[in-house]
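Data first, discussion second: the structure below is written as structure tokens.
The values are calculated or read from the model by the stated rules, or taken from the named source; none is laboratory data. Only a predicted model underlies this, so the values are computations on that prediction, with no experimental measurement involved. In this analysis, Cβ positions are derived from the backbone assuming ideal geometry, glycine residues included, and neighbour counts consider all displayed protein chains. Side chains are part of the model used for accessible areas, which takes the heavy atoms of the whole protein and leaves out ligands, DNA and RNA. Shrake-Rupley method; radii C 1.70, N 1.55, O 1.52, S 1.80 Å.
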Amino acid sequence: MDVAANHLTADLEERRGPLWKRALAWIWALFEAAFGSAAHGPLDLVIRRIDNGREVMRTAADSGSPDFLLEQVREDLETKTVGEFFAEWRLE
């Protein structure tokens, strides 16, 4: 089976967008940290093609733990085909 990990890679990257939106996300992250939640800035889960680095999917990694989400996605990349991966993770 030709698994998605042969063609795609997943990483957490700093959120893009207008400065005011990113600043608001940072303020919210600091607020959550003050009340015991894990402190991390606004991150996106980004899926890129290995052959050319082109971004093929980007989604906010702000529900739960971004590191856990990344671990789940990387596991799916190792066990699913590209078609199966996108059928499960595409947010359209």
Which residues, counting only those in the stretch 48-75, are touching a residue at least 40 places away in the same chain (Cβ under 8 Å) and under 13 Å from His7 (Cβ atoms)? Arg48, Arg49, Ile50, Asp51, Val56
Residue by residue through the stretch 56-92, note down the ones that are open to solvent by 60 Å² or more (accessible area, probe 1.4 Å) and touching a helix residue (DSSP H, G or I) at 6+ places or on another chain (Cβ under 7 Å). Glu78, Glu88
From Gly17, Gly53, Gly41, residue being open to solvent by less than 50 Å² (accessible area, probe 1.4 Å), of a type in the set (Gly, Ala, Ser) and at pLDDT 85 or above: Gly53
